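S.K.: I have a structure here, written as structure tokens, and I will follow up with some questions on it.
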Amino acid sequence: MFRLAPLCLLLITLPAQAQLDEEGPHLLRGARIVGGLDTIRAELRYPDKAQNDRIEGDVRIRVTVLENRQGAEVSVQQSAGPVLDAEALRAVRQAQFEPALWKDGGPAKIDLIIPVRFALDSTDVWLEHSGDHIVVWPTGAEVVYTITDRPPELIGGFDSLQSKVRYPEDARQRGAEGTVFVRFAVGKSGNVLHPVCVRAPSNSLCTEAIRVIRASAFNPGYEAGQAVITRFVLPVRFRLR
């Protein structure tokens, strides 16, 4: 039995993107959200109607922060449908904004783009690494852990995993080799959830690596004595001989 040490992934939420014009280099600072994205994240709720109708998707909100500090103009740049659009607009309108400043200290009219991703499945490990999106899951969604009291175990260890590799013929003919890193979650019963390639030398090696991960057996991770869903990244190595 091989116990995996969980890979700690540093998740960095980037600030909302300031859309600068050709005058951008002359700015002292861009427009900003008072309290940062967390103030909007805390306000967002997944609408019941969207959950019932299984609606998810990305909304991009454009915020034009006014120069006179009298508020901001808020509009939808990218739509995910009226229900999700309305919730994203509602949450963003609750926030306060500070205008951009020119280097001479005067306020500048600059836009912010705030991306909001509504996702029904909290076990989708790829969403956690979606850059500057605010990710919204339904209330009561399954908690997915990165670090647990007892990490999952790869039954048979890496040798067992590597023994399952079948080298794709097209990759062999092209001389493609290297290491594929697969991100996934280990479910409460040890099942593999949502495997995706983080990095791969070729598409066929990625496809084979995901097959190998799905074919491998795991014991789940445990937190406070209970089996939990846990995120992992594992390497699958391909070497030509």
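We did not get these values from a lab; they are worked out from the coordinates using the rules stated. Please read these numbers as outputs of a predicted model, since none were measured by experiment. Cβ coordinates were reconstructed from backbone atoms using ideal geometry, including for glycine residues, and neighbour counts include every protein chain displayed.
S.K.: Highest first, please rank the peptides 111-121, 85-95 by the mean number of other Cβ atoms sitting within 10 Å of their residues.
M.R.: Details: 111-121: 20.6, 85-95: 18.5.
Ranked by mean Cβ neighbours within 10 Å, highest first: 111-121, 85-95.
S.K.: Once phi is turned into ³J(HN,Hα) by the Karplus curve 6.51 cos²θ - 1.76 cosθ + 1.60 with θ = phi - 60°, what whole-Hz value does each residue of region 80-92 show in order, with x for glycine and proline?
M.R.: Rounded to whole hertz, the list is 10, x, x, 5, 6, 4, 4, 5, 5, 4, 4, 5, 5.
S.K.: Can you give the convex hull volume per residue for the Cα atoms of region 43-86, as a whole number of Å³? Walk me through the numbers on the way to the answer.
M.R.: Working: hull volume 3.2 nm³, N = 44.
Once divided by residue count, the hull of region 43-86 is 72 Å³.
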